[in-house]
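Worksheet: one structure, shown below.
Coordinate-derived values only; no laboratory data. This structure is a prediction, so every number in the text was calculated from the model and none was measured. Backbone-built Cβ (ideal geometry, glycine too); neighbour counts: all protein chains shown.
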Amino acid sequence: MSERRHALGRLEAALGHNFARPEVLEQALRHRSAAHEQGVPSFERLEFLGDAALSHAVAALLFTRWPDASEGELTRARAALVREASLAVLAGHLGLPAALQLGSGLREGSASPAVLADALEAVLGALLLDAGWRSFRAAVNRLFSPLVATLDPAQLALEEPKSTLQELAQKQGLPLPVYREVEIRGPAHHRVYVYEAEFGGRVLARGEGRSKKAAQQEAARRALERLEGMEA
């Protein structure tokens, strides 16, 4: 068995599903850099599907497991489970990096957390297409239940600044926070994104990160710190 075939088999075993259409799984593991070189579709459409389906399935899981949680607590918990860092770690546990197809310009280094998180969402989207909703939700429950058990509701407000800032705006009757891209620095394989956070019609802070999501979270965290300073 080739090294890649072994990696695919390990991934299927970790997901608990053998794909009837292996080409769907192959597409889910194909980064746009590899897709461009091969002239075939990348995982981006499957990532879109997996992102939406995962959010729904995790929300249902939390609703069942945390019967006494408030809407805000459920929102923050879901954000913690599906954030880039959490998905990247889970992708590593599933053995996804070894099966991922990257273009020649990216093969020398390891895939970034943002790429791993996107690829995992694409793989879950492929699982939904190949196996249907019931099997998809069962897989999500099995993969994410251990993570749910590690969450501390008291710490989530600090760990999920975007969700906390949004909840604060809703409580104060203000428009939802707005995040705007300010700058992108660095080469394609080492991007740094800069975002600003607007709250209540004012730009309160900027944040930067290796992905758009990370930069937005950092901007939200700094905005919360500034708001706390104004109240002090």
Using the Karplus curve 6.51 cos²θ - 1.76 cosθ + 1.60 with θ = phi - 60°, what ³J(HN,Hα) values do you get for each residue of the stretch 218-225, in whole Hz, with x for Gly and Pro?
5, 5, 5, 4, 5, 5, 4, 4
Note: the chain, point scatterers on Cα, Debye, no solvent; log10 I/I(0) at q = 0.09 Å⁻¹ equals -0.42
Taking the square root of 5 times each eigenvalue of the Cα gyration tensor, what semi-axes in Å does the equivalent ellipsoid of the stretch 161-231 have, largest first?
24, 10, 10
ARG5: net charge of surrounding residues, Cβ under 15 Å, Lys/Arg +1, Asp/Glu -1, itself excluded?
-2
Separation between the TRP66 and ARG5 pseudo-spin-labels, each 7 Å from Cα along Cα→Cβ, expressed in nm?
4.5
Looking only at GLN155, GLN38, GLN172, which one moves most when the chain is put into a Gaussian network model with springs between Cα atoms under 10 Å?
GLN172
Report, in deg cm²/dmol and to the nearest 500, the calculated mean residue ellipticity at 222 nm for the chain, where each DSSP H run with n ≥ 4 adds -39500 (n - 2.57) and the sum is divided by the residue count.
-20500 deg cm²/dmol
Within a Cβ distance under 9 Å of ALA80, other residues only, what is the Lys/Arg minus Asp/Glu net charge?
+1
